[in-house]
Structure formats: C-alpha cells, structure tokens
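The values are calculated or read from the model by the stated rules, or taken from the named source; none is laboratory data. On a predicted model such as this, the values are computed, not experimentally measured, just so you know. Here the Cβ is made from the backbone with ideal geometry for all residues, glycine too, and neighbour counts use every protein chain on show.
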C-alpha cells in the first residue's frame with residue numbers, strides 16, 4: 001500500500017529544514033509538531049470546526065518558507081499609522097522582526113516588549129511552560145505548523161501593578177515578494193497582577209498572497225486589565241490563520257474590539273478562559289468580507305470560576321460573493337455558579353450571492369447562571385434605504401450609512417476616541433462603490 | 001412646474017393609477033383627496049421614485065425634465081420632497097448627521113458648495129425656530145423613538161431645511177391629534193411661497209382647514225374624477241366619497 005501523495009500545500013511547507021534554536025526541548029517540540037502536521041495534513045469540512053471553511057483551494061497552493069529578504073523590503077510607515085496609537089511598537093514584515101520600523105526605545109517602566117526570538121536567546125526557560133503546554137487537537141493543522149516553524153513573535157510582559165498609558169502597537173505587515181510566502185509568529189503576552197495595558201494588534205498588507213499564521217497566549221493575572229483592539233486589514237489576496245488564547249485570573253478584565261476586514265481567507269480562533277472568580281470578558285467585533293473574501297471567526301468562551309461575566313456583541317456584513325462565518329460557543333463549567341454570559345451576532349447580507357453562516361452555542365453545567373444568546377441574518381431595510389435616497393443621499397452613500405449604523409454598537413464603547421473615529425471610517429469605506 | 005399626463009402605474013402587477021392628469025404651477029397648493037385605495041399614496045410614491053411602482057403609460061415632467069427617468073436622490077436634488085405617511089426609524093444614524101448628509105448631497109448634485117458644520121448648524125437653528133421643534137430631537141437617531149407627532153414635525157422640519165420646489169405631503173395628518181395637526185400645518189404654511197408648490201394628499205377635509213388649498217382634486221379609481229376649489233372639499237365632507245362615485249363614474253365611463 002502506498003501513501004497518498006501529500007497536498008501541494010503540505011509538501012511545500014515540509015520542504016525546508018526546521019529552524020535550529022540550539023534549545024533542546026524547543027527543537028524536539030518543533031520536530032514533533034512538524035511530524036504531526038505532515039501526518040494529519042489539512043482538516044476538511046467534515047470536521048465540525050471547519051464545516052464552513054473549506055481549505056481545498058489552499059491545499060493546492062505552494063508557499064516558500066519564510067522571507068530571507070524581509071529585512072530589505074521597502075515599507076511605507078504610513079501603511080500602519082493609526083490615529084490615537086503612538087506608543088511603543090513592535091513591527092514584523094512578512095513574519096520577520098524589523099527593528100527599523102519598531103519603536104522600542106524608552107519603554108515605560110514595567111513594560112517588557114521584545115521579539116520572542118530575543119527573549120528565547122536571553123533565557124528560554126521561563127517560556128518553556130507556555131510554549132509547550134498546549135496539545136493541539138484534531139484539525140489543528142495550522143497550530144501545529146505554527147508550533148513547528150514559528151521562530152519569532154511578540155514577547156510582552158507588564159509587571160504587577162504597572163499601568164501602561166500609551167497603547168502598544170503590534171504591526172504585522174505583508175509585503176510583496178518574489179513568490180508566495182508562508183510566515184509564522186508566536187506571541188506570549190502576560191499582564192501581572194493589577195497591571196493595565198492597551199494593545200493594538202494590527203494586520204496590514206500591500207498586494208500579495210502570502211499565508212500567515214499566528215498563535216498567541218495572553219495571560220491576565222488577578223486584577224489585570226487589558227483593552228485590546230484587533231484590526232485585521234491584511235491584503236485581500238492573502239491568507240491569515242490565527243489562534244489567540246486568553247486566560248483571565250480573578251477579577252481580571254479584558255475588552256476586545258475587533259475589525260476583520262482583510263484577507264482572501266482569514267480565520268481567527270479566539271479561546272478565552274475565565275479562570276478566576278469575578279473575571280470579565282467583553283468582545284465586540286465586526287467582520288465585513290466583500291468580493292470573494294472568506295472571513296471566519298471562532299469564539300469559544302469558557303466560564304470556569306464563580307461570578308464570571310462575558311458579553312459578546314458581533315456584527316457580520318457580507319457583500320458581493322463574500323462569505324462570513326461566525327461560531328460563538330459559550331461554556332459554563334461545573335462550579336462556575338453565578339456566571340453571566342451573553343452573545344449576540346447580527347448579520348447583514350448586502351448581496352444575493354453573499355453568505356453568512358452563524359452558530360451560537362451555549363452549554364451550561366452550573367447553577368444560578370444568566371445566559372442569553374442569539375443570531376440573525378437579514379438584509380438592508382429597503383424602506384430605510386428609500387427614505388435616505390428620497391432626501392437626496394445617493395444610493396451607495398445611503399447603503400454605507402445604514403451599514404455603518406448597523407455596526408455602530410461594536411465601536412460605541414471604545415474609549416480611544418481618535419482610534420474609534422478612524423475605525424468607524426474604515427467600516428464606512430469598506431463597502432465597494 | 002409639474003405636469004402629469006395620463007399616468008398609469010402598477011404595483012405588484014395591479015394597475016392602481018389609470019390615466020391621471022394634473023398640472024401644478026409654481027406657488028400653487030393642490031389637495032388630492034379620495035377614498036382608501038384610490039391611489040393617493042401610489043401617486044406620492046411614483047413621483048418620488050420608490051421601487052416597486054411600475055409606470056406603464058403616461059409621463060411626468062418637472063421643470064421640463066422627465067422626472068420618471070431620475071433616481072430618487074436625483075429627484076430630491078431637483079427639488080421634489082415627499083413627506084412620508086410613515087416616516088422610517090433608522091437606529092444608529094444621527095438625525096443631524098443625516099440632515100447634513102442629505103442637504104450637502106443635494107447641493108453637491110446641483111453644483112453648489114457644501115455647507116461646513118458651522119454653516120449647517122446656523123441654518124438648522126433658523127429653521128428650528130420656524131418649526132417650533134425641540135433641538136433634542138436632532139441629537140437622537142433618525143425618527144427613533146419619536147412620537148407620531150414628532151415624526152411628522154421632523155418631516156416638515158426636513159422640508160424646511162431642504163427647501164424643495166415641490167413638496168408632496170402624503171397623509172401627513174394621519175395619526176395626529178388636533179394640536180399636532182395645527183403645528184404641522186403652521187410649519188407648512190410658513191414654507192408657502194410663490195415659488196414653492198404643494199401636493200397635499202389626504203383622506204380628510206380636516207387638514208385643509210389649516211392648509212388652505214388653491215385647488216382640490218378627487219382621486220378615485222386611479223384617476224382624477226373631480227376638480228374644484230376648496231368648496232369641493234367641504235362638499236366631500238358633507239356627502240362623503242360615495243357621492244363622488246355616483247357623480248364621477250359615469251363621466252369616467254364615457255371618457
């Protein structure tokens with residue numbers, strides 16, 4: 001019996017030596033993950049987690065491993081300029097750290113911000129636990145690939161009690177290259193007890209068709225507060241697959257504002273654990289694919305401690321032949337009494353050929369739990385559209401106005417006003433004329 | 001100004017307007033009255049360009065241009081305004097933002113300079129006085145949570161701001177108590193001018209006590225079956241629409 005030939009995608013990503021770190025446990029880990037990736041290949045739509053996101057087309061593509069020229073790629077810093085975001089910055093181009101585009105001088109007291117590769121070189125041992133603790137599940141091809149091939153990423157630590165005022169800007173830029181590239185980044189972020197941080201994760205890119213994967217661990221110790229904005233504006237030809245794991249200690253609070261606008265294929269798996277009593281997570285997000293984009297958000301929130309709360313407000317807008325996927329799974333574990341969980345996902349189809357698949361899930365194994373979830377898919381209200389047009393507002397402007405209004409709830413409580421206005425403008429301009 | 005000739009229009013395959021002819025000159029106020037189902041609202045919707053109304057014959061010219069060939073926004077910029085019978089609530093769109101977007105879109109379409117926010121607010125304050133409308137309504141979303149009277153007053157306020165040449169009031173009196181009706185009528189009267197024409201569509205004579213028309217037309221069976229001055233409205237009030245049927249059908253049948 002001969003083995004079936006591996007997919008071009010899998011073959012191309014096996015076709016380069018693994019990075020050698022000189023750290024025995026890390027090299028062994030990488031080898032094990034690569035072998036598992038090679039053996040399992042890509043998940044298909046028979047797998048529940050990938051039911052609405054087919055990887056057939058991706059499976060036929062080939063990528064070069066990494067970008068040896070990344071340091072020399074010309075990049076216009078205006079591409080990642082964001083109003084209201086002028087603090088420390090860590091920038092990567094095609095997955096490679098670029099000191100020249102970063103702003104790491106004079107970091108505020110209590111903040112450690114550096115490339116992960118540098119942190120590993122300095123002292124790998126404190127990172128060992130977080131880098132080896134997650135055992136990928138069936139279908140986690142990209143997590144395995146990332147674990148095998150990611151050499152760098154963000155290492156960020158806020159000391160206990162430190163309150164970092166200026167938002168930290170994490171920039172992931174895609175730049176055109178001689179061939180389609182695959183890059184992988186691994187992030188480790190930790191907020192100590194009572195620490196506070198504002199973080200902007202920003203994916204942006206010019207015309208290219210690279211594949212990026214990112215896996216991040218964000219740990220909030222007791223009483224820590226994280227306000228994160230995730231702005232995904234990757235190049236419309238590129239693919240971007242991310243998993244973020246967020247762990248919240250007692251009374252820790254995280255607020256995420258998410259705009260998913262870019263990518264040919266973009267998937268974000270956000271897994272949050274409310275692990276300490278009184279922890280709270282608020283997520284607000286919009287995904288707005290157009291053209292032939294496919295944007296997939298997988299939200300999984302586990303309430304594992306007493307009196308934890310989560311509120312998730314998501315909007316999806318799909319235009320032309322685009323596809324949006326949203327899965328919002330909330331689990332209230334045994335013993336997580338007094339939990340309060342709500343999730344709402346409303347969606348708008350702007351074209352007859354657009355599609356949005358939404359699936360809210362709720363599993364409750366505790367007592368005295370408040371939980372609510374709901375999802376809708378609808379069209380733009382013709383009466384509203386005519387009302388605006390009858391007052392002289394042109395069709396496309398009226399459509400953009402109504403769509404922005406539909407998404408408005410997502411940005412309303414973002415405290416950074418300059419950034420909020422900028423993001424609202426991006427939403428208004430995302431629609432094709 | 002407005003010439004409607006032999007207008008036939010269908011909604012969902014059903015013919016509603018069946019040869020309507022009407023001429024409106026600048027400064028004139030025409031009341032269109034008629035029983036339910038006569039085609040009153042269809043007329044307003046066809047003139048303002050709502051989807052789903054198919055014109056099968058006839059023509060409408062406005063200041064010499066073919067109104068039916070224009071998109072709704074272009075009709076608005078040309079000076080046609082429809083005050084809705086049921087103004088739409090639009091959550092998430094701020095009323096002031098909406099009004100400025102509408103005014104500037106019209107100005108842009110006409111090749112006029114757009115107003116900046118200072119100029120716009122100055123204009124709004126002037127018009128608010130005329131309409132006796134609370135500026136609190138401006139800070140809310142368009143019509144969201146407005147009472148019936150507030151919605152209708154907001155329509156007239158928009159009209160005051162956009163300064164159309166032709167205003168079509170589609171059953172603006174429906175759902176209003178007498179005080180709200182008077183307020184709305186006052187607003188309309190304040191906007192009457194030798195250049196501005198009105199089509200006042202209504203089921204009841206009551207509104208015409210406050211907005212005095214130059215002409216009254218009776219619309220029945222998709223056509224104007226009777227025209228006259230305001231005395232006609234009083235006659236209708238007295239005899240009801242059944243009188244029109246007896247009175248009007250033979251003339252229509254022989255035409």
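Please give the number of the condition residue B:177 fails out of (1) surrounded by 15 or more Cβ atoms within 10 Å (Cβ to Cβ); (2) within 30 Å of residue B:240 (Cβ to Cβ); (3) away from chain A (no Cβ under 14 Å).
All conditions are met except number (1).
From the list A:427, A:431, A:380, which one is touching a strand residue (DSSP E or B) at 6+ places or on another chain (Cβ under 7 Å) and touching a residue at least 40 places away in the same chain (Cβ under 8 Å)?
A:427
Can you tell me how many residues in the stretch B:16-56 are more than 14 Å from chain A (Cβ to nearest Cβ), more than 20 Å from residue B:164 (Cβ to Cβ), exposed (fewer than 15 other Cβ atoms within 10 Å of the Cβ) and touching a residue at least 40 places away in the same chain (Cβ under 8 Å)?
5
How about the stretch B:166-185: which of its residues are over 11 Å from the mean Cα position of the chain (by Cα) and either under 25 Å from residue B:23 (Cβ atoms) or modelled with pLDDT of 95 or more (or both)?
Selection gives B:173, B:185.
Test of understanding: among A:385, A:348, which residue is outside any strand (DSSP E or B), within 14 Å of chain B (Cβ to nearest Cβ) and in contact with a helix residue (DSSP H, G or I) (Cβ under 6 Å, 6 or more places away or on another chain)?
A:385 is the lone residue from the list that is outside any strand (DSSP E or B), within 14 Å of chain B (Cβ to nearest Cβ) and in contact with a helix residue (DSSP H, G or I) (Cβ under 6 Å, 6 or more places away or on another chain).
Within the stretch A:72-90, take every residue that is surrounded by 13 or more Cβ atoms within 10 Å (Cβ to Cβ) and part of a helix (DSSP H, G or I) and give me the one that is modelled with the lowest pLDDT.
A:79
Of everything in the stretch B:86-112, what is touching a helix residue (DSSP H, G or I) at 6+ places or on another chain (Cβ under 7 Å) and more than 12 Å from chain A (Cβ to nearest Cβ)? Give them in sequence order.
Selection gives B:96 alone.
In this structure, does residue A:101 turn out to be surrounded by 14 or more Cβ atoms within 10 Å (Cβ to Cβ), more than 21 Å from the chain's Cα centre (by Cα), under 24 Å from residue A:238 (Cβ atoms) and in the same structural domain as residue A:234 (by TED's automatic domain parsing)?
Yes.
In the set A:371, A:404, which member is within 14 Å of chain B (Cβ to nearest Cβ) and either within 23 Å of residue A:309 (Cβ to Cβ) or not in a strand (DSSP E or B) (or both)?
One residue alone meets the criteria, A:404.
Within the stretch B:121-131, which residues are more than 23 Å from the chain's Cα centre (by Cα) and either within 13 Å of chain A (Cβ to nearest Cβ) or crowded, with 17+ Cβ neighbours inside 10 Å (or both)?
Matches in the stretch B:121-131: none.
Part of a strand (DSSP E or B) and under 22 Å from the mean Cα position of the chain (by Cα): which single residue out of A:376, A:358 fits that description? Explain how you work it out, then say what you get.
On the way: A:376 fails: under 22 Å from the mean Cα position of the chain (by Cα).
After ruling out the rest, the residue left standing is A:358.
Scan the stretch B:193-209 residue by residue and report those that are outside any loop (DSSP other than H, G, I, E, B) and more than 14 Å from residue B:171 (Cα to Cα).
Those that are outside any loop (DSSP other than H, G, I, E, B) and more than 14 Å from residue B:171 (Cα to Cα): B:193, B:196, B:197, B:209.
For the stretch A:388-401, enumerate the residues that are facing chain B (nearest Cβ under 8 Å) and within 29 Å of the chain's Cα centre (by Cα).
A:401
Residue A:313 - would you say it is in contact with a helix residue (DSSP H, G or I) (Cβ under 8 Å, 6 or more places away or on another chain), surrounded by fewer than 20 Cβ atoms within 10 Å (Cβ to Cβ) and either at pLDDT 95 or above or not assigned by TED's automatic domain parsing to the domain that holds residue A:49 (or both)?
For residue A:313, the condition - in contact with a helix residue (DSSP H, G or I) (Cβ under 8 Å, 6 or more places away or on another chain), surrounded by fewer than 20 Cβ atoms within 10 Å (Cβ to Cβ) and either at pLDDT 95 or above or not assigned by TED's automatic domain parsing to the domain that holds residue A:49 (or both) - is met.
Please determine whether any residue of the stretch A:115-131 is part of a strand (DSSP E or B), surrounded by fewer than 17 Cβ atoms within 10 Å (Cβ to Cβ) and in the same structural domain as residue A:238 (by TED's automatic domain parsing).
No, because not a single residue in the stretch A:115-131 is part of a strand (DSSP E or B), surrounded by fewer than 17 Cβ atoms within 10 Å (Cβ to Cβ) and in the same structural domain as residue A:238 (by TED's automatic domain parsing).
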